[in-house]
Structures are given as structure tokens and as C-alpha cells.
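Enquirer: Take this structure first; my questions come after.
Every number in this text was worked out from the coordinates using simple rules, so none of it is lab data. Since we're looking at a predicted model, the values are computed, not measured. Note that we place each Cβ from the backbone using ideal geometry, even for glycine, and neighbour counts take in every protein chain shown.
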């Protein structure tokens, strides 16, 4: 079971947060940001067209905030969501999981209608 952190966003008060992070995801984001050779404002999460099902999540360091980014802050870390991806990730929970063979960010997205066989892409 994962624990979801309180998330603050810079969005209108009547709208729920577009994106949440678990404690494990926050801890991993902190590690990534601290281990980077230069400062970053946070991580940028997005959705791009690719893969067998059509869409895939992207994660990259954000060196600067774009004026159109959705800003999610949780546990002392900042995640930016590019404006074009916001509709695809509304309500998504970002988690970080580790097992014997791999470690990865996992997105629990209520908007997904299906995933490809390998799990790398999805469609809404």
C-alpha cells in the first residue's frame, strides 16, 4: 500500500490536484534532483505520442519553468506538467516501485482505457 502525500498546486481552488505523488515517488525525485550535476527546478512529466498503444509517459529534469506548466508540489519537490499533457494525466498518482529486477516510476492513471502488452504505452 502506498501513502499519498498532501499535494499543493497552483490551480483554481475549485479544481482537485491534477496529479499526486506517493511518499516513495517523492523520495526518488529528491534523490534524482540531489544527484544531478546542476540544479533543476524539478522534474517535468508529460505524455507523448509513441508506443504500440499510442501514448507514453515522459520524465525529464526541468531546468526552468514554462509559463504554461502546471505546478505540483509535494513533500518538498516540484513536478511540472506540460500544458498539452494535463488532460491526459488528470487524477494520476505517480509512484516509485522497486523489486528484485527493476526500479521504476509507475503511473496509476484513471483515464487509461488500455495498455500495450509490454506496459510501456497506453491509450485514453
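Enquirer: Cα gyration tensor of segment 66-113, axes a ≥ b ≥ c as square roots of the eigenvalues: rounded (a/c below 1.5), prolate (a/b > b/c) or oblate? Mind showing how you got there, number by number?
Expert: On the way: a/c = 2.56, a/b = 1.46, b/c = 1.75.
Taking the square roots of the gyration eigenvalues as a ≥ b ≥ c, segment 66-113 is oblate.
Enquirer: Using Cα-Cα distances under 8 Å and only pairs 6 or more residues apart, what relative contact order does segment 17-123 have, in percent?
Expert: Over segment 17-123, the number comes to 32 percent.
Enquirer: Further question on the same structure: Which order do the peptides 54-64, 30-40 come out in when sorted by mean C-beta neighbours inside 10 angstrom, highest first?
Expert: Working: 54-64: 14.7, 30-40: 10.6.
With the highest mean Cβ count within 10 Å placed first, the list reads 54-64, 30-40.
Enquirer: By its C-alpha gyration tensor, with a ≥ b ≥ c as the square roots of the eigenvalues, how is segment 17-123 shaped: rounded for a/c under 1.5, else prolate for a/b larger than b/c, else oblate? Display every interim value, and only then the final one.
Expert: On the way: a/c = 1.69, a/b = 1.24, b/c = 1.36.
Oblate, since a/c reaches 1.5 and b/c is not below a/b.
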